[in-house]
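The values are calculated or read from the model by the stated rules, or taken from the named source; none is laboratory data. Just so it is clear, the model here is predicted, and its values are computed rather than measured. Using ideal geometry, Cβ is built from the backbone for each residue, glycine included, and neighbour counts are taken over all protein chains shown.
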Amino acid sequence: MGLESSFENNVITTLLDKVVNWARKGSLWPMPFGTACCAIEMMAALGPRWDMSRFGSEVIRFSPRQSDLMIVSGRISIKMMPVLLKIWEQMPEPKWCISMGACASCGGIFDTYTLVQGVDQFIPVDVYIPGCPPRPENVIDAVLKLQEKIGRERVREKVHGA
Amino acid sequence: MALETDRLRERFADELLEAGEPCGQPVVAVKRGRIAEILRFLKEDPALAFDSLTDVTAVDYMNRDLWERFAVVYNLYSFSRNARFRVKAFVPEADPSIASAASIWAGATWAEREAYDMYGIRFEGHPDLRRILMPDDYPGHPLRKDYPLKGRGERANFRRYTAQED
Ligand code: SF4
């Protein structure tokens, strides 16, 4: 006698946005783009101690084709940015991006000839995490904020660059 | 004076610019012309036997009134003698080139590529002298002292990936 028996032969009306967003936000599959020290904290967030799977986003995919959340954690040099862009383009819609740490968000202390001063110049960032490096709790907080944000999205409008 | 310096002075007296022993490690400054011979001698002379090249790098002595603007620095180590030695070969700004040490110690290749990338010093006879850290189409040599820390706009105008490239 499960819950389904009490809904038997029944109809529920809701907004399509709500159902779709609910489904999307509960299982984000992150694509880790870890290039520096921040990536260590991202790994900690995914590991057993902080366990991001409690929030439905532990299925790290190392293939962009299978992921819908890019976590940029680390410095992005001008040699790496074309690679990041390529991987971003390879991720299917819908997709989101978390920019983790000072370096990914604004270049951090590396205001130098080789470093991109914020990945948001090239790809749309949904959530920024401040810190150098941010703690794993911040990463989890960012995922929760992103989930809130996804909950407010309009499904028909959610296509990057369209 | 150190054994290394004495042996060099016997063979290459005209090439030596200066010799010293800062912090207990013998260092010589030389002209760049016969650098390959000098390095090969340091490696093959049985009394010296510098079988290992620890590093090749460069220094920009801009505005320092030395012999030339750049110095290519060879850090040598002898396993059999447990001894270290440093050779600095001075290279002029107008023609920043020097013979490659890659045929003497194969390990020189990547270090010379880095010195080329960062200082623009060409290593003649190097088997594959490409940039090693910066993008291949990068215009400058960023470790030169007159290169601005924030670059010359490279980080804003670099080649971008476009979806058509696939
Ligand atoms: S923000 Fe700090 S911890 Fe993160 S990549 Fe930059 S330097 Fe490393």
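Quick one: which of A:M81, A:M31, A:M70 is within 16 Å of the ligand (Cβ to nearest atom) and more than 14 Å from chain B (Cβ to nearest Cβ)?
A:M70
Would the stretch A:134-154 turn up any residue that is touching a strand residue (DSSP E or B) at 6+ places or on another chain (Cβ under 7 Å), of a type in the set (S, T, N, Q) and closer than 24 Å to B:D136 by Cβ?
no
Hey, can you tell me all the residues within the stretch A:101-147 that are more than 14 Å from the chain's Cα centre (by Cα), within 14 Å of chain B (Cβ to nearest Cβ) and either closer than 17 Å to A:W88 by Cβ or part of a helix (DSSP H, G or I) (or both)?
The answer is A:C103, A:C106, A:V116, A:G118, A:Q121, A:F122.
Could you tell me which of the residues A:W96, A:W50 is at pLDDT 90 or above, more than 26 Å from B:Y138 (Cβ to Cβ), away from the ligand (no atom under 12 Å from the Cβ) and within 15 Å of the chain's Cα centre (by Cα)?
A:W96
In the stretch A:67-93, which residues are under 13 Å from the mean Cα position of the chain (by Cα) and assigned to a helix (DSSP H, G or I)?
Once the filter is applied, which keeps residues that are under 13 Å from the mean Cα position of the chain (by Cα) and assigned to a helix (DSSP H, G or I), the stretch A:67-93 yields only A:W88.
Which of the residues belonging to the stretch A:84-93 are buried (at least 20 other Cβ atoms within 10 Å of the Cβ) and either free of Cβ contacts under 8 Å to residues at least 12 places away in the same chain or away from the ligand (no atom under 16 Å from the Cβ) (or both)?
A:W88, A:M91
Working carefully through the options B:A101, B:A47, B:A89, find the one that is under 23 Å from B:R9 (Cβ atoms), assigned to a loop (DSSP other than H, G, I, E, B) and in contact with a Lys or Arg (Cβ under 7 Å, 6 or more places away or on another chain).
Answer to the check: B:A47.
Of a type outside the set (D, E, K, R), crowded, with 18+ Cβ neighbours inside 10 Å and more than 12 Å from the ligand (Cβ to nearest atom): is that true of A:Q147 in this structure?
Here the answer is yes, as A:Q147 does meet what is asked.
Just need a number here: residues in the stretch B:104-124 that are of a type in the set (F, W, Y) and outside any helix (DSSP H, G or I).
The total comes to 2.
Of the conditions (1) more than 29 Å from A:L85 (Cβ to Cβ); (2) part of a loop (DSSP other than H, G, I, E, B), A:D17 satisfies every one except a single condition; which number is it?
(2)
So, in the stretch A:44-60, how many residues would count as being part of a loop (DSSP other than H, G, I, E, B) and more than 19 Å from A:D126 (Cα to Cα)?
The total comes to 6.
Just one of A:G108, A:G101, A:G118 is farther than 17 Å from A:S57 by Cα, without any contact (Cβ under 8 Å) to a residue 24 or more places away in the chain and either surrounded by 23 or more Cβ atoms within 10 Å (Cβ to Cβ) or among the small types (G, A, S) (or both); which is it?
Answer to the selection: A:G118.
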